[in-house]
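Since the structure comes first, as structure tokens, the remarks are kept for the end.
The values are calculated or read from the model by the stated rules, or taken from the named source; none is laboratory data. Computed from a predicted model, the values in this text were never measured in an experiment. Quick reminder, even Gly has a Cβ in these numbers, built from the backbone with ideal geometry, and neighbours come from all protein chains shown.
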Amino acid sequence: DTAVSQTPKYLVTQMGNDKSIKCEQNLGHDTMYWYKQDSKKFLKIMFSYNNKELIINETVPNRFSPKSPDKAHLNLHINSLELGDSAVYFCASSLWTGRGKDEKLFFGSGTQLSVL
Amino acid sequence: AQKITQTQPGMFVQEKEAVTLDCTYDTSDPSYGLFWYKQPSSGEMIFLIYQGSYDQQNATEGRYSLNFQKARKSANLVISASQLGDSAMYFCAMSANTGNQFYFGTGTSLTVIP
């Protein structure tokens with residue numbers, strides 16, 4: 001049973017295409033995230049949803065649109081892909097408990113996006 | 001604003017030796033959490049250890065310990081008895097009490113030499 005699962009694992013596409021990455025968690029967490037990891041391994045938060053409500057929206061181009069149909073799912077749709085979008089995208093989830101350690105992030109296995 | 005700084009882009013350690021990976025943070029929140037994650041070459045993110053801002057004792061998890069110095073705003077990871085499998089990227093992260101937000105440092109690449 002994978003706790004946070006994201007698909008696909010690899011995504012190779014041409015510039016200008018539209019693509020989606022799906023994420024699902026079965027941990028009962030109330031918060032989900034999208035992170036982008038660039039070629040230098042820097043992890044940058046893109047979006048955060050709490051109970052389907054957007055709570056963090058960092059400076060991300062409008063071409064990126066998250067969608068949370070329910071609190072167990074957070075999908076990422078990218079329009080008009082550009083070369084600079086090539087990166088690893090991680091979905092993650094957490095539970096806000098006020099008990100510190102229990103609030104750690106659980107990560108999906110990542111999606112390697114390559115834009116040609 | 002929250003900020004995490006890891007000043008060591010790369011570190012080398014001899015197998016079976018101990019190594020310290022540095023992490024400093026900045027926050028105005030009185031309540032926060034500090035985490036360390038490991039990312040091996042396979043790419044997955046693995047949780048290692050957690051330290052709460054109000055915890056009196058340094059956290060330990062097996063060979064991992066966190067040297068927490070609140071006044072200096074540092075949360076260094078100590079790995080004892082390094083193993084070849086410890087070769088990976090290590091990320092320090094902080095969660096703020098103002099919301100479900102996690103901030104990551106730029107990471108340290110650790111190489112364990114046989």
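Summary of values
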item: Hits in the range B:1-51 - residues which are surrounded by fewer than 17 Cβ atoms within 10 Å (Cβ to Cβ), within 14 Å of another protein chain (Cβ to nearest Cβ) and basic (K, R); result: B:K3
item: Subset of the range A:58-116 (residues that are assigned to a strand (DSSP E or B), of a type outside the set (S, T, Y) and in contact (Cβ under 8 Å) with a residue 60 or more places away in the chain); result: A:I78, A:F90, A:C91, A:A92, A:F106, A:F107, A:Q112, A:L113, A:V115
item: In the range B:69-112, residue farthest from the other protein chains (Cβ to nearest Cβ) [restricted to those that are over 11 Å from the mean Cα position of the chain (by Cα) and of a type in the set (A, V, I, L, M, F, W, C)]; result: B:A81
item: Complete set of residues in the range B:20-34 that are more than 14 Å from the chain's Cα centre (by Cα), part of a strand (DSSP E or B) and closer than 17 Å to A:K104 by Cβ; result: B:Y32
item: Matching residues, the range A:14-60, being more than 14 Å from chain B (Cβ to nearest Cβ) and over 27 Å from B:Q6 (Cβ atoms); result: A:Q14, A:M15, A:G16, A:N17, A:D18, A:K19, A:S20, A:I21, A:K22, A:E24, A:N26, A:G28
item: Residue match in the range B:53-66 (condition: within 13 Å of B:T20 (Cα to Cα), buried (at least 19 other Cβ atoms within 10 Å of the Cβ), away from every other protein chain (no Cβ under 14 Å) and under 13 Å from the mean Cα position of the chain (by Cα)); result: yes
item: Which numbered condition A:F47 fails, given (1) modelled with pLDDT under 95; (2) not in a strand (DSSP E or B); result: (2)
item: Residues located in the range B:75-102, provided they are at pLDDT 95 or above, surrounded by fewer than 17 Cβ atoms within 10 Å (Cβ to Cβ) and either of a type in the set (K, R) or touching a Phe, Trp or Tyr at 6+ places or on another chain (Cβ under 9 Å) (or both); result: B:V78, B:S80
